[in-house]
Amino acid sequence: MSFNLSKKSHVVKSALTSAVLVATMGATTMTAQAAGLSDLFGNNKSSSSKFLSVDKAFGVVDTAKTTSKGTQLAIKFKITPGHYVYKDRLTLTFPKGVRATPFTFSQSPVSVNDPTFGRVPVFDQATMIATTTLTSTNGKPLKNADLVIGWQGCAKAGLCYPPEKIKTSVNILAAK
């Protein structure tokens, strides 16, 4: 019987030692991962950053104005050198009963061999404006229609930022 107790005691000690070791390794790994992300984005004030935060790499502003054809929505991107915005990742979500023309762009895209998506068209110019015209299809104007602008960009040094979404609202004229 004492053999079983000491054997159980040994098993309990081994289990506790293993649990402490695993917990310590997990904490070390999480700390290392956090330090790695800090180094990537410059959250650690003692080290220089390899990559800018998405807000510093890209500035995005939308404006709307009424025209004879509807409401013109312009999405202006300010792109920091060494970064680009995917042409095909620019999206617009709008309410039922709204129609949008295809985007037109102030710049021509360039083709890059992206490590995530392969050969794709991107905008890497300092400023790029995407424009569309919105109209209401039910014959009535819409006040404060909620829109969601989706987009994604990357750093040429090898970081692809997660897709971004910007919520905005605009007044939309009825189609003529």
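The values are calculated or read from the model by the stated rules, or taken from the named source; none is laboratory data. A quick note: this is a predicted structure, and the numbers were derived from the prediction, not measured. Because the Cβ atoms are built from the backbone with ideal geometry, glycine has one as well, and the counts that use them run over all protein chains shown. Calculation scope for accessible area: heavy atoms of the full protein, side chains included, ligands and nucleic acids excluded. Shrake-Rupley method; radii C 1.70, N 1.55, O 1.52, S 1.80 Å.
Some points to look at:
- Thr131 vs. criteria in contact (Cβ under 8 Å) with a residue 60 or more places away in the chain, among the polar types (S, T, N, Q), out of contact with any helix residue (DSSP H, G or I) (no Cβ under 7 Å at 6 or more places or on another chain) and not in a loop (DSSP other than H, G, I, E, B): no
- Taking every residue in region 158-176 that is charged (D, E, K, R) and pairing it with any residue that is open to solvent by less than 60 Å² (accessible area, probe 1.4 Å) and part of a strand (DSSP E or B), at least 6 positions away or on another chain, the pairs with Cβ-Cβ distances below 6 Å are Glu164/Trp151; Lys165/Val148; Lys165/Gly150; Lys167/Val148.
- A search for C-beta distances below 9 Å between a residue of region 91-116 that is over 21 Å from Gln72 (Cβ atoms) and any residue that is assigned to a strand (DSSP E or B) and open to solvent by 70 Å² or more (accessible area, probe 1.4 Å), counting only pairs 6+ apart in sequence or on different chains, returns Ser111/Arg119; Val112/Arg119; Asn113/Arg119.
- Subset of region 55-79 [surrounded by 13 or more Cβ atoms within 10 Å (Cβ to Cβ), within 17 Å of the chain's Cα centre (by Cα), of a type in the set (A, V, I, L, M) and part of a strand (DSSP E or B)]: Val60, Ile75, Ile79
- Meets criteria (of a type outside the set (Lys, Arg) and under 24 Å from Thr66 (Cα atoms)) for Pro163: no
- For region 93-119, residues that are buried (at least 18 other Cβ atoms within 10 Å of the Cβ) and part of a strand (DSSP E or B) total 1.
- Consider region 148-164 and keep the residues that are exposed (fewer than 15 other Cβ atoms within 10 Å of the Cβ) and not aliphatic (A, V, I, L, M). The one that is modelled with the lowest pLDDT is Gly158.
- Selection status of Val148, within 13 Å of Ile75 (Cα to Cα), in contact (Cβ under 8 Å) with a residue 24 or more places away in the chain and among the hydrophobic types (A, V, I, L, M, F, W, C): yes
- Search result, residues across region 80-89 that are surrounded by fewer than 20 Cβ atoms within 10 Å (Cβ to Cβ) and of a type outside the set (D, E, K, R): Thr80, Pro81, Gly82
- The residues of region 130-147 that are buried (at least 17 other Cβ atoms within 10 Å of the Cβ), farther than 13 Å from Gly70 by Cβ and not small (Gly, Ala, Ser) amount to a single one, Leu147.
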